[in-house]
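Down below is the structure, laid out as structure tokens.
None of the figures in this text is laboratory data; all of them are computed from the coordinates on show. This one's a predicted model, so the numbers in the text were calculated from it and none came from an experiment. Here the Cβ positions follow ideal geometry from the backbone for every residue, glycine too, while neighbour counts run over all protein chains shown.
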Amino acid sequence: MFPGVDSTVVQCTIESWRGLDHQVDVVMLFNVVGNVRPADRKVLYHKLMIDYLTDGGMVVTCVQSRPLQKLLKVPAFDNDDLLAEMSTEGFYIVLERDIHVYRDLSNPSEEIVRLFAMASGNSSEEVLSAIDLTFAQPDQRVVINKLTIFAK
Ligand SMILES: C[S@@+](CC[C@H](N)C(=O)[O-])C[C@H]1O[C@@H](n2cnc3c(N)ncnc32)[C@H](O)[C@@H]1O
């Protein structure tokens, strides 16, 4: 709990969210918008702009970089997509930061390989070779996630 901050927990999908009874100063969307269909994302940004946020309200986002998916040619939402979409809705960037995350899949379990194979439509061998390429060197195991604060 932060001093002076009231919290309310609501479980729902972005598509069905009707907002709160009163506007809020900050909305945090961490690793979520990439899962939402483009048309629904557009509706969300618009509702944030006109309805959910107070004047000067902010949206804090985090978008993961996905080197493995890129190599496997899985279409992936990235931070440039987010910046373009938010700018189209009229949000401007207040702050951008890189978050360095250690992610080592160089010795993957069978389940992980099967999961990536299913999600990407590639064979397990293709996933293993992409993992080899992506995480072969220790310095490749630090991936950069993007934190952005937008204001309206
Ligand atoms: C990669 S997880 C991120 C979880 C957490 N926010 C974090 O950063 O660790 C993606 C989350 O998005 C949620 N999600 C996916 N589609 C959603 C939607 N349409 N509306 C709301 N949440 C959604 C999933 O339930 C899941 O918890």
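Checking the condition under 15 Å from the mean Cα position of the chain (by Cα), closer than 22 Å to R141 by Cβ, within 14 Å of the ligand (Cβ to nearest atom) and charged (D, E, K, R), which residue from R66, R103, R97 passes?
On inspection, the qualifying residue turns out to be R66.
Could you go through the stretch 41-63 and let me know if any residue there is within 15 Å of the ligand (Cβ to nearest atom) and assigned to a loop (DSSP other than H, G, I, E, B).
No: the stretch 41-63 contains no residue that is within 15 Å of the ligand (Cβ to nearest atom) and assigned to a loop (DSSP other than H, G, I, E, B).
Report, by residue number, each residue of the stretch 1-11 that is more than 10 Å from the ligand (Cβ to nearest atom) and of a type in the set (S, T, N, Q).
Residues satisfying the conditions are S7, T8.
Cβ-Cβ distance below 6 Å, separation of 6 or more or different chains: which pairs start in the stretch 49-68 with a residue that is farther than 23 Å from R103 by Cα and end on one that is of a type in the set (G, A, S) and in a strand (DSSP E or B)?
From the stretch 49-68, the pairs are M58/A151.
Here is a check on your reading of the model: is V94 more than 23 Å from S16 (Cα to Cα), in contact with a strand residue (DSSP E or B) (Cβ under 7 Å, 6 or more places away or on another chain) and of a type in the set (A, V, I, L, M, F, W, C)?
The answer is yes for V94.
Return the residues of the stretch 12-36 that are in a loop (DSSP other than H, G, I, E, B) and either surrounded by 12 or more Cβ atoms within 10 Å (Cβ to Cβ) or more than 9 Å from the ligand (Cβ to nearest atom) (or both); say none if nothing qualifies.
W17, R18, G19, L20, D21, H22, Q23, V32, V36
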